[in-house]
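Participant: After the C-alpha cells below, expect a handful of questions from me.
The values are calculated or read from the model by the stated rules, or taken from the named source; none is laboratory data. Remember, it's a predicted structure, so these values are computed and weren't measured experimentally. Positions of Cβ are generated from backbone atoms using ideal geometry, with glycine treated the same way; all protein chains shown enter the neighbour counts.
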Amino acid sequence: MITIGRAFPKSLRAHRLLAMRCEAVGDKENAIFHLEYILNEDKTNVAARKRLIAMHKSVGNTTKAISELNEYLKSFMSDQEAWQELCDLYLLHHEFSRAAFCMEELLLSSPHNHLYHERFAEIKYTQGGADNMELAKAHFCQAAKLNPNNLRALFGVLQSANNLAQSAKVPSKKKEYVKLSAWASKHIQDLYQVAGENPVSAIESMFGQMQLTSP
C-alpha cells in the first residue's frame, strides 16, 4: 500500500485504497487524511464523504461529522437517511431547534410518515413552552391518525394534552385538551386490553421509556 501511495500520490483511487486499508487496521487518523484528500480534489465524491462522516463519528468528533453532513446535504438534499443522521447528531449536542429543522425537511419529503411526525413532536415536547407544546400535540395527533396503533404517539397526545390543559387560561381550550387527553387514554387502554396486557403497568413503563412523567 505504501508503494501504491508513492507511485500514485495524486491518484484518487490510490487514496481510496489507502483509506480502506487504514480503516481496516484501525488507523482512523490516516483514513481521515486520505478521505479528506479525495474530497479536496473531488467535492462530489459521495462515497468518500459518507466514509469521512462515519470516521469522524467513530472517533467521537461529532462536531466535524455535523459539518460534513451539512456540506453533503447542500448537494443531496433528498437523502432522508442523511437528514435523520444529522438530527441524531444535533440531539446529542442538545441542539433541539436544529434537530427539529432536520425533521421538518423529512416531513416535507414524506408527510405521511407517522414516525417522522412522532419524532418531530418529541423534539418539540422536549423544547417546552406553549407554542412548542401545541406543535407537539398536533404532530402526535397526526402520527396517531396515520397509524392508530402507534402507542408512542398516543402517549404523546395524552401527555401534551395534559400539559396544555394545566396551562390553559381559556375554559373552552382547557375542555378541548381534557377531551383529547381522555380520548388518547381510552385508546391506549383499548390497545393494551386487546393485547392482553395490564394497561396501568404498561402505561407506566411507556412513560419511563419516553422520559415523561405520568399525570
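Participant: Any idea which of (1) among the aliphatic types (A, V, I, L, M); (2) closer than 24 Å to residue 107 by Cβ; (3) surrounded by fewer than 20 Cβ atoms within 10 Å (Cβ to Cβ) is the one residue 144 doesn't satisfy?
Facilitator: Here residue 144 meets the rest and fails (3).
Participant: Among (1) surrounded by fewer than 16 Cβ atoms within 10 Å (Cβ to Cβ); (2) modelled with pLDDT under 95, there is one condition residue 70 misses while meeting the rest; what is its number?
Facilitator: Going through (1) surrounded by fewer than 16 Cβ atoms within 10 Å (Cβ to Cβ); (2) modelled with pLDDT under 95 one by one, residue 70 breaks only (2).
Participant: Something else about it: Could you tell me which numbered condition residue 78 fails, if it satisfies all but one of (1) of a type in the set (Gly, Ala, Ser); (2) crowded, with 19+ Cβ neighbours inside 10 Å; (3) closer than 23 Å to residue 50 by Cα?
Facilitator: The single condition residue 78 does not satisfy is (2).
Participant: Can you find even one residue in region 108-119 that is crowded, with 19+ Cβ neighbours inside 10 Å and hydrophobic (A, V, I, L, M, F, W, C)?
Facilitator: No, every residue in region 108-119 fails to be crowded, with 19+ Cβ neighbours inside 10 Å and hydrophobic (A, V, I, L, M, F, W, C).
Participant: Another one. For region 115-128, state whether one or more residues are modelled with pLDDT under 95 and under 25 Å from residue 162 (Cβ atoms).
Facilitator: Step one: list which residues in region 115-128 are modelled with pLDDT under 95, which gives 128.
Still in the list and also under 25 Å from residue 162 (Cβ atoms): 128.
Yes - at least one qualifying residue is present in region 115-128.
Participant: Let me ask you something else. In the list 19, 31, 7, 48, which residue meets the criterion of being modelled with pLDDT under 75, among the small types (Gly, Ala, Ser) and under 23 Å from residue 82 (Cα atoms)? Before you say what the answer is, go through the steps one by one.
Facilitator: Numbers: 31 fails: modelled with pLDDT under 75; 7 fails: under 23 Å from residue 82 (Cα atoms); 48 fails: modelled with pLDDT under 75.
19 is the lone residue from the list that is modelled with pLDDT under 75, among the small types (Gly, Ala, Ser) and under 23 Å from residue 82 (Cα atoms).
Participant: Something else: Considering every residue within region 85-99, establish whether at least one is among the aromatic types (Phe, Trp, Tyr), surrounded by 14 or more Cβ atoms within 10 Å (Cβ to Cβ) and touching a residue at least 12 places away in the same chain (Cβ under 8 Å).
Facilitator: The first filter runs over region 85-99 and keeps only residues among the aromatic types (Phe, Trp, Tyr), leaving 90, 96.
From what is left, the residues that are surrounded by 14 or more Cβ atoms within 10 Å (Cβ to Cβ) are 90, 96.
Remaining after also requiring touching a residue at least 12 places away in the same chain (Cβ under 8 Å): 90, 96.
Yes, some residue in region 85-99 is among the aromatic types (Phe, Trp, Tyr), surrounded by 14 or more Cβ atoms within 10 Å (Cβ to Cβ) and touching a residue at least 12 places away in the same chain (Cβ under 8 Å).
Participant: A further question follows. Among the residues of region 38-45, is there at least one that is surrounded by fewer than 20 Cβ atoms within 10 Å (Cβ to Cβ) and of a type in the set (Val, Ile, Thr)?
Facilitator: Yes, there is a match, as at least one residue in region 38-45 is surrounded by fewer than 20 Cβ atoms within 10 Å (Cβ to Cβ) and of a type in the set (Val, Ile, Thr).
Participant: Moving on to the next point. Can you give me the ranges of the helices (runs of 4 or more DSSP H) entirely in region 147-215 with at least 3 residues that are modelled with pLDDT under 90? Spell out the reasoning first.
Facilitator: Details: elements: 151-167, 171-194, 199-210.
Once the helices (runs of 4 or more DSSP H) in region 147-215 are filtered for at least 3 residues that are modelled with pLDDT under 90, what remains is 171-194, 199-210.
Participant: Determine whether residue 67 is part of a loop (DSSP other than H, G, I, E, B) and either farther than 25 Å from residue 132 by Cα or among the hydrophobic types (A, V, I, L, M, F, W, C) (or both). First the steps, then the outcome.
Facilitator: Values: part of a loop (DSSP other than H, G, I, E, B): no; either farther than 25 Å from residue 132 by Cα or among the hydrophobic types (A, V, I, L, M, F, W, C) (or both): yes.
So residue 67 does not fit the description; no.
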